[in-house]
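Here the structure comes first, spelled out in structure tokens, and everything after it is commentary.
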Ligand code: SF4
């Protein structure tokens with residue numbers, strides 16, 4: 001399974017957002033009506049976009065919705081915008097007023113990439129001087145679209161794919177400083193009770209693919225095979241393991257070979273890694289009765305040895321020797337309170353960098369330190385004083 005990108009449609013009531021969702025989806029998923037304010041809660045449609053994989057198209061209520069309830073709906077639209085990987089900001093009749101300008105500046109301020117879409121072009125085409133003004137002001141693509149022209153669907157999907165693929169390529173999962181052409185790498189993938197039947201998990205698959213893209217030479221093995229692998233006398237550049245096998249792997253890897261985890265690579269790719277690294281040290285100052293928040297980016301079914309719900313809490317209690325209290329939040333569920341001494345974000349294999357960074361930053365802004373699963377496990381296992389682990393962190397810090 002792949003991460004699912006969020007494409008959020010924003011604009012005033014009756015700007016044609018629902019009609020555009022239906023055009024892009026190629027079917028009627030949103031209710032279209034000439035009555036302003038027909039869309040109240042966000043409507044989501046999952047679809048495949050060529051070259052991008054699965055995406056959620058999210059139709060939102062108008063940002064100019066009125067009254068107390070309308071204000072709440074409009075707030076919800078901004079919340080969806082926060083988690084967008086790409087926003088489509090619709091306007092019509094060459095009316096780019098205060099609502100649109102505020103929203104465009106809001107997206108810009110949050111580094112959400114966006115396309116300005118001038119809709120209902122068949123009724124009134126976009127004025128060229130407005131196009132130039134907006135281009136200078138926001139530096140984003142501007143499109144003129146008529147939902148009555150079926151060919152506009154391909155134009156829009158192409159523009160969306162270009163914007164999103166540009167962003168996903170901007171950071172590599174495995175930097176060449178860690179493993180480049182001809183470097184030999186060992187991936188340690190334990191096949192234990194927590195491993196899914198008949199397949200590898202997504203971070204393992206993505207790391208393998210990134211290493212192959214870098215033309216590295218990869219050996220994939222279980223922890224129990226490491227001794228035999230090193231006995232062959234072959235030189236290895238780096239070992240990447242599942243976090244849960246850190247202790248066993250570190251004990252088996254000779255000095256001088258960097259050791260890190262899939263989870264740490266994912267954290268570097270998807271989250272504010274500097275914040276994660278700084279926050280992990282807070283584990284040492286946790287006290288009895290402190291609240292720790294576990295942030296899961298999807299609603300997977302937890303097993304009895306679930307890493308976030310069972311293993312990390314047990315590991316932290318053992319390492320600190322304190323009575324810690326844990327809360328668990330999945331997907332986009334609300335955070336119960338802000339009295340957390342630490343929050344720990346999962347590897348986010350099902351979420352995009354924007355979704356994780358936005359979620360993490362909104363919690364960090366409330367003064368809560370936020371780290372990640374892989375770093376928390378490495379810390380609790382004492383790896384921050386291990387030379388091989390420190391060498392791994394140095395290699396991924398290099399640009
Ligand atoms: S909780 Fe996080 S790491 Fe686990 S499966 Fe979901 S997105 Fe992936």
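What follows draws every value from the coordinates through simple rules; no lab data is involved. This is a predicted model, so every value here is computed, not measured. Reconstructed Cβ throughout: ideal geometry from the backbone, glycine too, with neighbour counts over all protein chains shown.
In plain terms, the residue of 19, 241 with the fewest other Cβ atoms within 10 Å comes first and the most crowded comes last, giving 19, 241. As a proxy for reagent exposure, ranking 100, 296, 128, 197 by other Cβ atoms within 10 Å from fewest up yields 197, 128, 100, 296. Compute the helix-to-body angle for 128-138: its Cα long axis versus the longest principal axis of the chain, expressed 0 to 90° and rounded to tens. The helix 128-138 is inclined about 30 degrees to the chain.
Short-range pairs are left out: with C-alpha atoms under 8 Å and at least six residues apart, the relative contact order of segment 276-380 is 42 percent. For the chain, the C-alpha radius of gyration divided by 2.2 N^0.38 Å, with N the number of residues, is 1.10. Computed packing ranks the peptides 345-358, 373-386, 105-118 as 345-358, 373-386, 105-118, most packed first, by mean other Cβ atoms within 10 Å. For the chain, the antiparallel share of DSSP beta bridges with both residues in that region comes to about 15%.
Listing 279, 250 from fewest to most neighbouring C-beta atoms within 10 Å gives 250, 279. Based on alpha-carbon atoms, the Kirkwood radius and the radius of gyration of segment 108-251 give Rg/Rh equal to 1.23. Look at the alpha carbon pairs under 8 Å that are at least 6 residues apart: their mean separation over the length of the chain gives a relative contact order of 15 percent.
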